[in-house]
Amino acid sequence: MNIVLVGAGRAEPLPFLRQKLENADKTIAVDGGLQAFAALELCPDLIVGDFDSVTLSVVKKFPHAEQLSLPVHKDQSDMEVAVEQALSHQPQKIEILQAFGKRMDHFFANCYLTFLRPGRIFLESPKETFFALEEKRINHLKNKIDTIVSLLPFTAEVQKVTTHDLAYPLVNETLHQNSRPLSNVVCGERPSVEFSAGKLAAYILYNMHFT
């Protein structure tokens with residue numbers, strides 16, 4: 001099962017959103033992300049939020065969608081609650097759209113959410129992807145040659161990092177929270193990353209344009 005969530009971050013091109021939503025098994029509108037569904041005239045399976053970034057007039061356009069109303073004052077973001085709802089269905093993949101841009105604190109919180117299920121939760125846009133990597137296994141990146149790959153440690157150390165088919169190889173190295181692992185480049189057909197301990201994320205930048 002593939003579940004797609006749409007947040008209230010930087011607005012993405014409607015053709016990109018439509019492609020993702022129409023190919024999803026389940027869709028969730030997260031607060032202001034509901035405006036994208038309205039623009040596309042698509043109905044989400046679930047609406048989650050405290051509705052501080054979308055008007056009730058937009059919400060009322062979707063009477064047949066399941067709705068989870070949240071209080072404004074709470075200890076979790078709307079997106080975190082939406083991700084928990086998605087995880088309850090045990091999906092193979094969760095894609096979070098419109099997770100980049102606007103408020104940086106919300107963006108970083110979205111990054112942390114990918115560590116709830118490394119290798120299964122992805123922040124996606126037409127030009128970039130962010131996701132947590134799984135430790136003690138080979139993470140296949142499945143990206144084309146010349147794609148930029150930055151590895152981002154989320155712990156003080158990430159141990160025994162080894163890469164394959166990246167231009168600047170790492171072999172059983174320890175990564176720290178600095179700029180060294182930024183802007184690597186895919187140079188082969190089977191790029192991958194593996195590490196033994198710590199928390200490590202990948203940021204992928206590629207040339208894909210929707211008009």
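Checking each residue of segment 49-67 against the condition of being at pLDDT 95 or above, under 25 Å from Ala132 (Cβ atoms) and not charged (D, E, K, R) gives no match. Taken residue by residue, segment 169-182 has no member that is touching a residue at least 40 places away in the same chain (Cβ under 8 Å), surrounded by fewer than 17 Cβ atoms within 10 Å (Cβ to Cβ) and within 18 Å of Phe130 (Cβ to Cβ). Among the residues of segment 1-19, some residue qualifies, meaning at least one is touching a strand residue (DSSP E or B) at 6+ places or on another chain (Cβ under 6 Å), among the polar types (S, T, N, Q) and outside any helix (DSSP H, G or I).
Is it the case, given these coordinates, that Gly101 is in a loop (DSSP other than H, G, I, E, B), free of Cβ contacts under 8 Å to residues at least 40 places away in the same chain, in the same structural domain as Gly7 (by TED's automatic domain parsing) and small (Gly, Ala, Ser)? Judged against the criteria, Gly101 is not a match.
Touching a Leu at 6+ places or on another chain (Cβ under 7 Å), closer than 25 Å to Gln76 by Cα and of a type in the set (Ser, Thr, Tyr): is that true of Thr27 in this structure? For Thr27, the condition - touching a Leu at 6+ places or on another chain (Cβ under 7 Å), closer than 25 Å to Gln76 by Cα and of a type in the set (Ser, Thr, Tyr) - is met. The conditions of being touching a residue at least 24 places away in the same chain (Cβ under 8 Å) and surrounded by fewer than 17 Cβ atoms within 10 Å (Cβ to Cβ) are not met by Pro44. If you go through segment 127-147 and pick out every residue that is over 10 Å from the mean Cα position of the chain (by Cα) and surrounded by fewer than 17 Cβ atoms within 10 Å (Cβ to Cβ), you end up with 10. Return the residues of segment 20-45 that are touching a Cys at 6+ places or on another chain (Cβ under 9 Å) and in a helix (DSSP H, G or I); say none if nothing qualifies. Scanning segment 20-45 gives a single hit, Phe37. Within segment 1-30, residues that are farther than 21 Å from Ala109 by Cβ and at pLDDT 95 or above reach partners that are assigned to a loop (DSSP other than H, G, I, E, B) and of a type in the set (Val, Ile, Thr) with beta carbons closer than 8 Å, at six or more positions or on different chains, in the pairs Pro13/Thr211; Pro15/Thr211. Taking segment 63-98 as the region of interest, how many residues are free of Cβ contacts under 8 Å to residues at least 40 places away in the same chain and in contact with a Gly (Cβ under 7 Å, 6 or more places away or on another chain)? So the answer is 1. Glu84 - would you say it is in contact with a helix residue (DSSP H, G or I) (Cβ under 9 Å, 6 or more places away or on another chain), surrounded by fewer than 18 Cβ atoms within 10 Å (Cβ to Cβ) and acidic (Asp, Glu)? For Glu84, the condition - in contact with a helix residue (DSSP H, G or I) (Cβ under 9 Å, 6 or more places away or on another chain), surrounded by fewer than 18 Cβ atoms within 10 Å (Cβ to Cβ) and acidic (Asp, Glu) - is met.
Out of Pro126, Pro181, Pro169, Pro118, one residue alone is assigned to a loop (DSSP other than H, G, I, E, B) and touching a His at 6+ places or on another chain (Cβ under 8 Å). It is Pro126.
The values are calculated or read from the model by the stated rules, or taken from the named source; none is laboratory data. Since this is a predicted model, take the numbers as computed values, not measurements. Cβ: placed from backbone, ideal geometry, glycine included. Neighbour counts: every protein chain shown.
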